[in-house]
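Chemist: Let me give you the structure first, and then I'll get to my questions.
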Amino acid sequence: MAIGALYIHVPFCHAKCVYCDFDSRACADGREFDRYVERVLDRLASLRSSGVLASCSTAYIGGGTPTVLGRRLCEIVKQVRDIAPGLIELTCEANPESLSYDLAAGLAAAGTTRISLGVQSFQDDELRALGRLHDARRAREAIGEALRAGLDVSADLMCGIPLQTDASWDDTLSQAYDSGIGHVSVYPLTIEEGTPLSVLLERGVWDEPDEDAQAERMERARVYAERAGMHPYEVASYARPGKECRHNIAYWTGVEYLGLGRSAASMLARSSYEGLREVLGLPACSSRASRLRVVQVADDTADSMQPRAYDVEELDARESAAEDLMLGMRMTRGVGADLLAVCRERIGAAPLERAIDEALGRGLARWSEDATRDGVPRLVPTHDGWLLGNELYGLFWELAHDDA
């Protein structure tokens, strides 16, 4: 097996934000946390003898808010380090209100290298509108404590949120980029059906996000990042040299990843899937499957009598190639000759060239000889392709179908 990345889901928060539709729930029950941690540790132990994570180079513990587990989170980190000794990067998600210096230092000692901090904004009124538990002061303190503990720090920021103005967004960007962190991820607010925020919008309490304003603020984030010495390496992420998130890059470059816990997603080659069927209780797959996307939809974390269940999507060789091409175009570096050669073989030269020509003609992509190997140009997204990502990604995902 060649699984290069591991994701562990923690489905707990101290409170659920009004915009969130992730699989998480507000909980402060220490006994439930204990039971969950024990089951995660058991699941990891079951993978030890298989050696499935021997080549794993990055791990990410997300949620939810993993830091609500407190010192129990350190136990998970130690176990991950034990069964994946080749890890280069290990990230824990955190919210400012649940990350203290003592916990940050404990996570660092256990083997964590990186904290991804859910800041969202440095404006107190905007944070309250989102239902966040922290204020701007606590966000600044959490960043400082994580850095003092020796951890790399990334901050998530959100644009187009209630009460946000161009001036308040600029202030949030300034505070983020001046804080000494090495990585920033920027996302436009999306309204998910059924969330409390969607109800507030329906009642007219808040206005719908303005897509043009969001696009302008995404552009402002890029300008501020480059002034601060960060470069865009992925459609929503900026980093100082050497501070790119390896786990992000794994997702966009076809690296196999394994997810553990309810709602955790995996992307596995057929051979890896077959090798994990018995230990994880996966269903059989069909002969057409070249790659499988797996989401765990039920787990025994809440009720030890409830069996695990999975939602499995099979991709054939053509679909897998189209997916790699689509995801690769999320990266500033785009895709190189090796992947394009695979796509020509699996998809066909004619449909691939038509799609590339259309992307070039619409100004969504270009050929670049920057960062090449042996002088072979790479296909990279343009600035318009970055802004109009859905158009670019859709163009290449259409190649998954025979009539492309």
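Read the figures in this text as sums done on the coordinates, not as results from a lab. Keep in mind that this is a model prediction, so the values were computed, not measured. Note: ideal-geometry Cβ built from the backbone for every residue, glycine included; neighbour counts use all protein chains shown.
Chemist: What is the set of long-range amide H partners of Leu6 at a cut-off below 5 Å, with H atoms built 1.01 Å from backbone N?
Modeler: Residues meeting the criterion, in which the H sits 1.01 Å from N, are Thr58, Ala59, Tyr60, Leu258.
Chemist: Sort out the exposed loop trypsin sites (Lys or Arg not before Pro) in the chain (DSSP loop, at most 13 other Cβ within 10 Å) and tell me the longest stretch that has none.
Modeler: Working: sites that count: Arg71, Arg203, Arg288.
By the stated rule (loop sites, at most 13 other Cβ atoms within 10 Å), 72-202.
Chemist: Tell me the label-point distance for the pair Ser46, Ser100, using the 7 Å Cα-to-Cβ offset, in nm and rounded to one decimal.
Modeler: Rounded to a tenth, the inter-label distance reads 3.4 nm.
Chemist: Taking H as built 1.01 Å from N, whose amide H comes closer than 5 Å to the amide H of Ala155, not counting residues under 5 places away?
Modeler: Leu117, His183, Val184, Ser185
Chemist: Could you list, bin by bin from short to long, the percent of Cα-Cα pairs of region 1-72 in 10 Å steps?
Modeler: Whole-percent P(r) values from 0 Å outward: 18, 43, 28, 10, 0.
Chemist: Across region 376-388, in residue order, what do the Karplus-derived ³J(HN,Hα) couplings come to in whole Hz, using 6.51 cos²θ - 1.76 cosθ + 1.60 with θ = phi - 60° and x for Gly and Pro?
Modeler: Result, ordered by residue: 7, x, 10, 8, 10, x, 7, 4, 5, x, 5, 6, 10 Hz.
Chemist: Going by amide H atoms built from the backbone, whose H comes under 5 Å of the H on Arg366, apart from near neighbours?
Modeler: Val380, Thr382
Chemist: Another question about this same structure. Have a look at the DSSP beta bridges in the chain and tell me what percent are antiparallel, nearest 5. Could you put the intermediate results ahead of the total?
Modeler: Values: 26 of 59 bridges.
DSSP beta bridges in the chain are roughly 45 percent antiparallel.
Chemist: Could you compute how fast region 321-400 diffuses translationally, taking Rh as the Kirkwood radius over C-alpha pairs and applying Stokes-Einstein at 20 °C with viscosity 1.002 mPa s? Give it in µm² per second.
Modeler: After rounding, the answer is 175 µm²/s.
Chemist: Here's a follow-up. What list of ³J(HN,Hα) values in whole Hz, one per residue of region 71-87 in order, does the Karplus curve 6.51 cos²θ - 1.76 cosθ + 1.60 (θ = phi - 60°) give from phi, with Gly and Pro shown as x?
Modeler: Result, ordered by residue: 5, 4, 4, 4, 5, 5, 4, 4, 5, 4, 4, 5, 8, 10, x, x, 4 Hz.
Chemist: Continuing with this model, one more query. What list of ³J(HN,Hα) couplings, whole Hz, do you get for region 160-168 from phi and the Karplus terms 6.51, -1.76, 1.60, once you set θ to phi - 60° and write x for glycine and proline?
Modeler: For region 160-168, the Karplus-derived couplings read x, 8, x, 6, 6, 10, 4, 5, 5 Hz, x marking Gly and Pro.
Chemist: DSSP loop GluC sites (Glu not before Pro) in region 146-239 with at most 13 other Cβ atoms within 10 Å of their Cβ, which ones?
Modeler: Details: sites: Glu192, Glu193, Glu202, Glu211, Glu216, Glu219, Glu226, Glu234; in loops: Glu192, Glu193.
Those that pass, being in a loop and sparsely packed, are Glu192, Glu193.
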